[in-house]
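Take a look at the structure below.
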Amino acid sequence: MRYLGLIAFTLVAFVIQTNAQRKIDFVEYDLKNGLHVILHEDHSTPIVAVTVMYHVGSKNENPERTGMAHFFEHLLFEGSENIGRGEFSRYIENAGGVLNANTSNDRTFYYELLPSNQLELGLWLESERMMHAKVELEGIETQREVVKEEKRQRMDNQPYGMLLAETMSHAYTEHPYKWTTIGSMEHLNAAKEAEFQQFYRTFYVPNNAILSIAGDFNIEDTKKLIDAYFSEIPKGTFAIPRPTVVEPTKTAEVRDTVWGKDQLPLVVQAYHIPAEGDDDYYAVSMLNKLLSDGGSSRLNKSVVDEKQLAIFAGAFSFGMEDPGLTLTFSMANMGVDPSELETAVNEEVDRVKNELITEKELQKLKNQIESEFVGGNASVAGIAESLANYRMYFGDTNLINTEIDKYLAVTAEDIRAAARKYYTPENRVVLYFMFDENAANGN
Amino acid sequence: MKFFKYILPAIMLLAACSAPKIDRSKAPAAGPAPAISLGEYSTFKLDNGLSVIVVQNNKLPRVSYRMTLDRAPIFEGSKAGYVSFAGDLMKTGTTNRSKSEIDEAIDFIGGDLNTFSTGISGSSLSKHSDALLEVMSDVLLHPTFPEEELEKARKQALSGLASAKTSADQISANISNAATYGLSHPYGEMQTEKTTNAITRDDVVSYYNAYFRPNIAYLVIVGDVTVEQAKEQANKYFGSWKADQTPRANYATPSNPSGNRVVFVPLKGAVQSVINICHTVELTPGHPDAIAVSVMNNILGGGVFGGRLMQNLREDKAYTYGARSNVSPDRIIGEFSAYASVRNEVTDSSITEFLYEIDLLTRERVADSTLVFIKNFMNGNFARSLENPQTIANFALNTELNGLPKDYYATYLGKLAAVTADDILRVAKKYLKPENLNITVVGNKEEVGEKLSVFAANGKVEYFDMYGQPWSDLMPAPEGVTAQTVINAYFNSIGGMDQMKKLNTLVEVGKMNLGPMALDFTRKFKDNNKMLMVVEMGGQVFMRQALDGERGSSSQMGQTENVEGDELAGLKKEADLMYLNRPDQYGLTPVLKGIGSIDDQPVYVLDLMKGGALKSTEYFSVESGRRLRSSESVDTPQGAMEIVVDYSNFKTTNGYTFPANIKQLVGPQVIEIVIDEMQINKRLTDSDFKVD
């Protein structure tokens, strides 16, 4: 036992020594209205990222109104009591900045990247958006059509564009992850003006948001400005709906074929995994890395290179606030039967279940993680978002500095255990995306 | 201490109340503009001619190496794809390492290594940089291009081509290049299944040997490294690389179309049209006009959300999720393009808006407020780009590659500030070609295709497949069916070849419906070499066309002219009811193209070729053998026009079956002939056919 203990000790020492990640300093506090503020100062470049993350995503939607959270993201660029229609982006771009937003299953994220002397402009615009956004009928009608085009462009007119939607709808029967963030166009058509107002009053409140700022500014001065712009926004008074439904544990494999116009068969296996932050989540992530990160990874080496069954084969997790999915995803080479491809993928997963990975292979995974974390905090925009993410999902902003340790703590045994526990037939959905003549003819 | 306990919250409360009151009604003023400083870089050259650019940045403990070849573009022709194969295959084996050893070594240090046709790049944490360079140098200097790896790459490429068949974006990128530069230019040619299958290992090896030379290479090193270390590393890992002369090539400058053309690639079931409107631009990087052109492009639709295309097509009309434009200067030939994905039913309306916005720039001076807005945005772009240390490296590389003045980027913001609205109008007039556009669309042919003919100067939509070849949606004809069997079936449907030989004269009497008018129509045929067509209104001759066996004439409203040349030949062919049985007499070669459909009825499609050019296309019912349609392209003063003649309502008279309804479409004009009576082998004299 002594011997084993020694090995563990040297491994830990190695970890501490090799962690080359730069420490990210930050301060954080709450305003009285519940707005959480995170500030990270970095004067390398005279720019600043002003971001607001709202804790609302597609999973908070009424099942009769799917797509609302994402649609709202579009509407909240329309203006406010003090900002005319279309002027939101105009102010930012005229100041030499860029802006955008995106919506996930769990949250909606808005950001502006500005020259540092325009920080206050960003605060004004974001506080206007939070305080009294204004949406006119014209804007609603226009953005409804724009969102439809977004859906056509991203899903309907893309090869394998329905992959994600099909995977989620097959994997979830109860949990709101079963619908897509873009949602249903019929639902959006049916939404009444009063519903929009209620959605705004419920979710777009300071106590449901994180203001995260990173870049070239002075923390003390900025605190005063934040106070001036945000503290007068009243706290929300409505209860914020958060889904409590727990997806029932799968007891039998779900298997289906999706027919479409794309020519090469594509095989997706989706396994249910714990929420992001769970110890097992990190073990699953390391397992995916083993399977598909780099040319020497198991799937790339065996399925793509040696057996030449696939044009691409990968494994990755959807880290989500509630228990999510981990996927293997492989596109067959021409003339390859998808079941042959699936078998080859399964063989590699079984190998992980049966044989402990070598110490060298584990070290490779750790080196890859380290490299990723070092590169991960290269831009102030990325840092602002990561800080908000860690706070929103885990209540621990400092994970930006310490999450790497959770990955590095994963052992070979943990990886084998994760494969055995989660990569089981009864825990998965298997979908074949296959070519169909009728679909190809547009029927 | 009690005192403090009470007073502290009070002070805090006071602080909260005394938060500076702000005026929400207007945007806050900006602070003083921050100084923008460009990072430093160093350059040096190795003895073998390798140029090295170093940007030291120690913020993160990582370093990247990117080596680029400065070579002329290559036209690959019948083996298109071999150049990219050479790039891909470099990292699949060296004299020292197998593919899996290379992969293992790079993955173990958490690094990455990429090889491509014009270079190689790698990055890692700085503590692993020697391990990275060890492999990188081996891959660059000693690749073996194993035969079996070529076969793997070929299989992957063929699968990739198959999967690209449903990618509207991918097809659009290819077809717009093909339309802009032409398939015989390096920028326009396409890799196909055929070219992919033709690639050999020799092609790949000779490309590598000819072009991977240090004397045309630039190595850019960025990150946690000193100039001294960089020098040491460059010499150690790339110093033994041998210099040699590399081939240069020149290409004819592609020309823009003389009028706007519409190039359409049908994509079944498409719910959006991917529009890409483009033309070549003669603009080199660093040209004195380049910055003004860049401002002009941003006004139209560069990265800025406030660009005209985005505001018009998205925010005003909601036709699209995004519409943008781009001007890319190039040392050989640059390109302008404007693009968006739009829903099927607004494709034509969207193109109208694109054309309006492009044209507007060349006609109207932009407002000063617009110019200031765009310049502010570009100023900010420049400043923001400096966050990434690669930007300085790119500036340095561009300066070297394009022979720019050393202070080109240091003085960029000054040059940007100096651009005026007059400059924008001048460069728009000079570089934008609103009347010489390639309007390319990938989308739904049935719902969109023909609606776009209005945008083409020649009134025609040109259909292509994803490889830029003329498009055909025909099914192959079954085995045993040939042009001759189709023609035989056609004559059988009339009454049989023997009956046809006995047909000496034919007279058709009926009405010609021309818009609201119904005119009296008579047509006579004799001996397969004489023909007369008369159209009358209330007994007055409106039109008369005659062929007496040799000469032809045509009169309209009293104006008479001789029919000569091609027109006379066409008339003679028309007079011969059996010309399809002897096409060679008219210089025609029938070619069976396959099976198409007319109103859900399967038809054989037969092209009549004359001297290699398409003369007309004939459509015969698969079931009955009857000819249902005939289409021909004719030159008119308005440009080429497509004449389509549809035959229907077949009637049998004395054992001969002919169409009683003949509908001719020329553009929007429809002429319908309804035959009331057919007379077979009625006695006619030659004088009936005398020419005027």
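Quick note: the coordinates plus some simple rules give every number you see, no bench work behind them. This one's a predicted model, so the numbers in the text were calculated from it and none came from an experiment. With ideal geometry, Cβ positions are generated from the backbone for all residues, glycine too; neighbour counts draw on all protein chains shown.
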* Structure fact -> Sorting B:A35, B:V263, B:P143 by the position of each Cα along the dipole of chain B (Lys, Arg +1; Asp, Glu -1; all at Cβ), the one nearest the positive end of that ordering is B:A35
* Hey, if you drop one equal point scatterer on each alpha-carbon of chain A and run the Debye formula without solvent, what base-10 log of I(q)/I(0) do you get at q = 0.07, 0.08, 0.12 Å⁻¹? -> -0.41, -0.53, -1.14
* Structure fact -> In degrees, nearest 10, the alpha-carbon axis of helix A:380-394 is tilted away from the dominant principal axis of the alpha carbons of chain A by 80 degrees
* To do: Classify the stretch A:318-379 as rounded, prolate or oblate, taking a ≥ b ≥ c as the square roots of the eigenvalues of its Cα gyration tensor: rounded when a/c is under 1.5, otherwise prolate if a/b is larger than b/c and oblate if not.
  => prolate
* Structure fact -> Here the FRET efficiency for B:E228 versus A:N62, based on Cβ atoms and R0 = 56 Å and rounded to 0.05, is 0.30
* Quick one: if you stick a label point 7 Å off each Cα along the C-beta vector at A:Q363 and B:N235, how many nm between them? -> 3.2 nm
* Structure fact -> HN-Hα couplings for the stretch B:51-65 via Karplus (6.51, -1.76, 1.60; θ = phi - 60°), in whole Hz with x for Gly/Pro, come out as 8, 10, 10, 10, 10, 8, 8, 9, 4, 10, x, 9, 8, 10, 10
* Inter-site label distance for A:D436 and A:N102 at 7 Å from Cα along Cβ, in nm -> 3.1 nm
* Take every DSSP beta bridge with both residues inside chain B and express the antiparallel ones as a percent of the total, to the nearest 5. => 90 percent
* To do: Using packing as a proxy for protection, rank B:185-192, A:168-175 so that the peptide with the highest average count of other Cβ atoms within 10 Å comes first.
  => B:185-192, A:168-175
* Counting partner chain Cβ atoms within 10 Å of every residue's Cβ in A:148-161, what's the average? -> 6
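Please give the average number of partner chain Cβ atoms lying within 10 Å of the Cβ of each residue in B:356-362, rounded to a whole number.
Counting other chains' Cβ atoms within 10 Å and averaging over B:356-362 gives 0.
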* Mind jotting down a quarter of the surface of the convex hull over the alpha carbons of chain B, in square nanometres, one decimal? => 46.6 nm²
* Structure fact -> Least to most buried among B:M609, A:M320, by other C-beta atoms within 10 Å and fewest first, runs B:M609, A:M320
* Structure fact -> Across B:102-115, the residue-averaged tally of Cβ atoms belonging to other chains within 10 Å stands at 5
* Structure fact -> If unit charges are put on Cβ atoms (+1 for Lys and Arg, -1 for Asp and Glu) and the dipole of chain B is taken about its Cα centre, the option from B:V591, B:T653, B:Y321 lying farthest towards the positive end turns out to be B:Y321
* What distance in nm separates the simple spin-label points at B:K194 and B:L614, each placed 7 Å from Cα in the Cβ direction? -> 1.7 nm
* To do: Please determine, in degrees from 0 to 90 and to the nearest 10, the orientation of helix A:412-422 with respect to the longest principal axis defined by the Cα atoms of chain A, where the helix direction is its Cα long axis.
  => 80 degrees
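Hey, what did chain A get for relative contact order, percent, Cα under 8 Å, at least 6 apart?
21 percent
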* **Peptide ranges B:43-55, A:56-68 listed from the most packed, as the mean C-beta count within 10 angstrom indicates** => A:56-68, B:43-55
* Asked: Which loop-located trypsin sites (Lys or Arg not before Pro) does the stretch A:147-207 contain, where loop means any DSSP state but H, G, I, E or B and the Cβ has at most 12 other Cβ atoms within 10 Å?
  -> A:K192
* nm² value of the averaged projected area, convex hull over the Cα atoms of the stretch A:78-234 -> 11.2 nm²
* Using 17 Å as the cut-off for backbone N distance, which residues of the stretch A:219-235 belong to the label zone defined by a point 7 Å from the Cα of A:E81 along Cα→Cβ? -> A:228-235
* Once you have the Cα-Cα distance between B:I22 and B:E364, take 0.36 nm times their residue separation minus that, and quote the gain in nm to one decimal. => 119.1 nm
* Furthest towards positive pole of dipole, B:A428, B:N444, B:A456, structure part the stretch B:407-456, Cβ charges -> B:A428
* Would you mind working out the magnitude of the charge dipole of the protein assembly as shown relative to its Cα centre, with +1 at each Lys and Arg C-beta and -1 at each Asp and Glu C-beta, to the nearest 20 Debye? => 740 debye
* Given a Förster distance of 51 angstrom, what is the FRET efficiency for B:V541 paired with B:D465, based on the Cβ-Cβ distance and rounded to 0.05? -> 0.55
* To do: Before anything else, pin down the relative contact order of the stretch A:254-440: Cα pairs under 8 Å, at least 6 apart, normalised by residue count, whole percent.
  => 40 percent
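Multiplying the sequence separation of B:R683 and B:M557 by 0.36 nm and subtracting their Cα-Cα distance, what value in nm do you get?
Using 0.36 nm per residue and subtracting the Cα-Cα distance, I get 42.5 nm.
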* Scan around A:G236 for amide H atoms under 5 Å from its own, H built in the peptide plane at 1.01 Å from N, and keep only partners 5 or more places away or cross-chain. => A:N207
* **More than 19 Å apart - percent of Cα-Cα pairs taken over the stretch B:92-187** => 58 percent
* For the stretch A:365-443 and the stretch B:269-346, compute the distance between their C-alpha centroids and round to whole Å. => 36 Å
* Taking the Cβ-Cβ separation of B:R582 and B:D473 as r and a Förster radius of 35 Å, what is the calculated FRET efficiency to the nearest 0.05? -> 0.70
* To do: Give, as ranges by residue number, the residues of the stretch A:73-97 whose backbone N falls under 16 Å from the point 7 Å along Cα→Cβ of A:E136.
  => A:75-90
* Structure fact -> Using the Cα gyration tensor of the protein assembly as shown, the equivalent ellipsoid's semi-axes, largest first and to the nearest Å, work out to 63, 36, 32
* Please give the length that would be gained between B:V666 and B:S255 if that part of the chain were fully extended, namely 0.36 nm times their separation in residues minus their C-alpha to C-alpha distance (nm, one decimal). => 144.9 nm
* To do: Could you list, in their original order, any pairs among A:K151/B:K445; A:K360/B:K155; B:K194/B:K433; A:K59/A:K148; B:K502/B:K663; B:K511/B:K615 whose Cα atoms are separated by more than 23 Å?
  => A:K360/B:K155; B:K194/B:K433; B:K502/B:K663; B:K511/B:K615
